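The values are calculated or read from the model by the stated rules, or taken from the named source; none is laboratory data. Just so it is clear, the model here is predicted, and its values are computed rather than measured. Don't worry about glycine lacking a Cβ; one is built from the backbone with ideal geometry, like all the others, and counts go over all protein chains shown.
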Amino acid sequence: MRVARTAHIMVTEHRKGEMSTTQEHIPLLVLGPTAPPQRSERGTLCDGLPPAADPTLIDRVRAAKIALGDRVTILGHHYQKAEVIQFADERGDSYKLARYAAETGSPYVVFLGVHFMAESADILTSDAQQVILPDLAAGCSMADMADIAHVEECWSLLQDVAPGATTPITYMNSSADIKALTGREGGTICTSSNAAGALEWAFAQREKVLFLPDQHLGFNTAMNMGLSPEDCVIWNPHKDLGGLDEDAIRGAKIILWRGHCSVHQRFQPEHVHAVRERVPGVRVIVHPECRHDVVSLADEVGSTEKIIRAIEDSEPGSKWAIGTELNLVQRLADENPDKTVVFLDKTVCFCATMNRIDLPHLTWALENLLERRVVNRIEVDPDTAHWARLALQRMLEIN
Ligand code: SF4
């Protein structure tokens, strides 16, 4: 059974020196064929959302940002579209932005990203700061592939089959409750740039790793470290014992959660062959969330930040085909006119949930702040935040 996670909608009003807060729990966007139609659109919760065709939206965001001054910090993930990222005080990947949110100390942090990123920002910011996600339907399909009920069941079964043998490693792209389980069970968080260090650390603690939730990042990292495919098994949360038998679990070094990024997994080996024919002399660079057969064919593999640096630092006239989210690739092409920058394959589309953050929702969130109303607050409960923070701190100590 699919378990829907919930978001806390906090509405805080400060009027005439008095503060009142109401809280509502709603299920996050349910994806897939079983999604009830009435829950597939969270925009209906945005009372007073301006229409997308309103030609004044850019001026309204600009005016609200100026009026709010340093009471608000706007953070923009690299995959956000141009119409909103132009207002970001800082751009980055999810971990960089969460740390930046804590460093600014702004009472309001508006996160142009997806739900798990806003949760990570809330975990790392102080109690005096409030994190806002302009559209609650901006989730992440990969993070949603590992819900806490399934992960707890997996962890318990692993303890039955191989007691005390496994360390959990969880990618940043996961919900706060999975990060908290990782912290409680002695594991660490990783990013796409430090996953190898996290695996090395984990193998020094115990003989096995449970890697969540991206099977491709886990497998690519394992292969880079010299492990073999036979060292890895995939845990399918929808099958008994993950679709494995006890001997397979006992014999595995890495148990990969069966999750993936719905954008990066779409790149295929044929796309690499085709772009090499189409653009002679091109260098192919892809994100490690891509399938291993795509990663194996690429010239370079790296995190979002590494991809950006590779393009910016390359010689004028160089040619690049990039396998990552389309908004970032378009921006890199625009910002590097002295180089040829193309998308690895034009049939792969934007991250649909990232794209839910748009000008109307940003306008709506900021103008509510001007009225001293906090809408779409993302708040992680203190116990979950404590354990998730511990797992994040372990990552910093390892790297
Ligand atoms: S690009 Fe992939 S990993 Fe990133 S938010 Fe979208 S679905 Fe999640």
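Can you pull out the residues in the range 351-370 that are of a type in the set (Asp, Glu) and away from the ligand (no atom under 16 Å from the Cβ)?
Scanning the range 351-370 gives a single hit, Glu367.
Within the range 154-169, the set of residues being in a helix (DSSP H, G or I) and exposed (fewer than 14 other Cβ atoms within 10 Å of the Cβ) comprises Ser156, Gln159, Asp160.
One residue stands out in the range 49-98 among those that are within 16 Å of the ligand (Cβ to nearest atom) and among the hydrophobic types (A, V, I, L, M, F, W, C): the one that is modelled with the lowest pLDDT, namely Ala98.
Note on the range 314-350: among residues that are over 22 Å from His216 (Cα atoms) and among the basic types (Lys, Arg), the one that is nearest to the ligand (Cβ to nearest atom) is Arg331. Restricted to the range 99-120, and to residues that are over 16 Å from Ala64 (Cβ atoms) and away from the ligand (no atom under 16 Å from the Cβ), which residue is surrounded by the most Cβ atoms within 10 Å (Cβ to Cβ)? By that ranking, first place goes to Ala101.
Note on the range 144-161: residues that are of a type in the set (D, E, K, R) and either more than 16 Å from the ligand (Cβ to nearest atom) or in contact with a helix residue (DSSP H, G or I) (Cβ under 7 Å, 6 or more places away or on another chain) (or both) amount to 3.
Yes/no per residue for (1) farther than 23 Å from Cys140 by Cβ; (2) of a type in the set (S, T, N, Q); (3) within 16 Å of the ligand (Cβ to nearest atom); (4) more than 18 Å from the chain's Cα centre (by Cα):
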{"position": "Thr182", "(1), (2), (3), (4)": "no, yes, no, no"}
{"position": "Gly187", "(1), (2), (3), (4)": "no, no, no, yes"}
{"position": "Pro229", "(1), (2), (3), (4)": "yes, no, no, yes"}
{"position": "Asn236", "(1), (2), (3), (4)": "no, yes, no, yes"}
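Would you confirm, using the coordinates I've provided, whether Trp201 is modelled with pLDDT of 95 or more, surrounded by 15 or more Cβ atoms within 10 Å (Cβ to Cβ) and more than 27 Å from Ser141 (Cβ to Cβ)? Yes: the conditions hold for Trp201. Whenever a residue of the range 184-200 is at positive phi, it has no partner that is crowded, with 24+ Cβ neighbours inside 10 Å lying with C-beta atoms less than 7 angstrom away and at least six residues away or across chains.
Tally time: how many residues in the range 119-138 are touching a residue at least 12 places away in the same chain (Cβ under 8 Å) and either farther than 20 Å from Arg99 by Cα or over 15 Å from the mean Cα position of the chain (by Cα) (or both)? Reasoning before the result, please.
Step one: of the range 119-138, the residues touching a residue at least 12 places away in the same chain (Cβ under 8 Å) are 119-126, 128-138.
Narrowing the set further to residues that are either farther than 20 Å from Arg99 by Cα or over 15 Å from the mean Cα position of the chain (by Cα) (or both) leaves 124-126, 128-132, 134-138.
Residues flagged as touching a residue at least 12 places away in the same chain (Cβ under 8 Å) and either farther than 20 Å from Arg99 by Cα or over 15 Å from the mean Cα position of the chain (by Cα) (or both) within the range 119-138 amount to 13.
Restricting Ser141, Ser175, Ser126 to those that are within 15 Å of the ligand (Cβ to nearest atom), surrounded by fewer than 23 Cβ atoms within 10 Å (Cβ to Cβ) and closer than 30 Å to Val110 by Cβ reduces the list to Ser141. Out of all the residues in the range 320-329, is one or more surrounded by fewer than 19 Cβ atoms within 10 Å (Cβ to Cβ), assigned to a strand (DSSP E or B) and at pLDDT 95 or above? No.
If you scan the range 255-313, which residues turn out to be in a helix (DSSP H, G or I), within 19 Å of Asn194 (Cα to Cα) and within 16 Å of the ligand (Cβ to nearest atom)? Within the range 255-313, His264, Val295, Thr304, Glu305, Lys306, Ile307, Ile308 qualify. For the range 274-312, the set of residues classified as within 22 Å of the chain's Cα centre (by Cα), surrounded by fewer than 18 Cβ atoms within 10 Å (Cβ to Cβ) and either polar (S, T, N, Q) or within 17 Å of Lys339 (Cβ to Cβ) (or both) consists of Glu300, Lys306, Arg309, listed by residue number. Can you name the residue in the range 186-201 that is out of contact with any Pro (no Cβ under 8 Å at 6 or more places or on another chain) and in a helix (DSSP H, G or I) and is also farthest from Asn224 (Cα to Cα) among such residues? Across the range 186-201, the extreme among qualifying residues is Trp201. Checked against (1) touching a residue at least 40 places away in the same chain (Cβ under 8 Å); (2) not assigned by TED's automatic domain parsing to the domain that holds Ala52, Ile378 passes all but condition (2).
Against the conditions (1) under 18 Å from the mean Cα position of the chain (by Cα); (2) touching a residue at least 60 places away in the same chain (Cβ under 8 Å), Tyr171 satisfies every one except (2).
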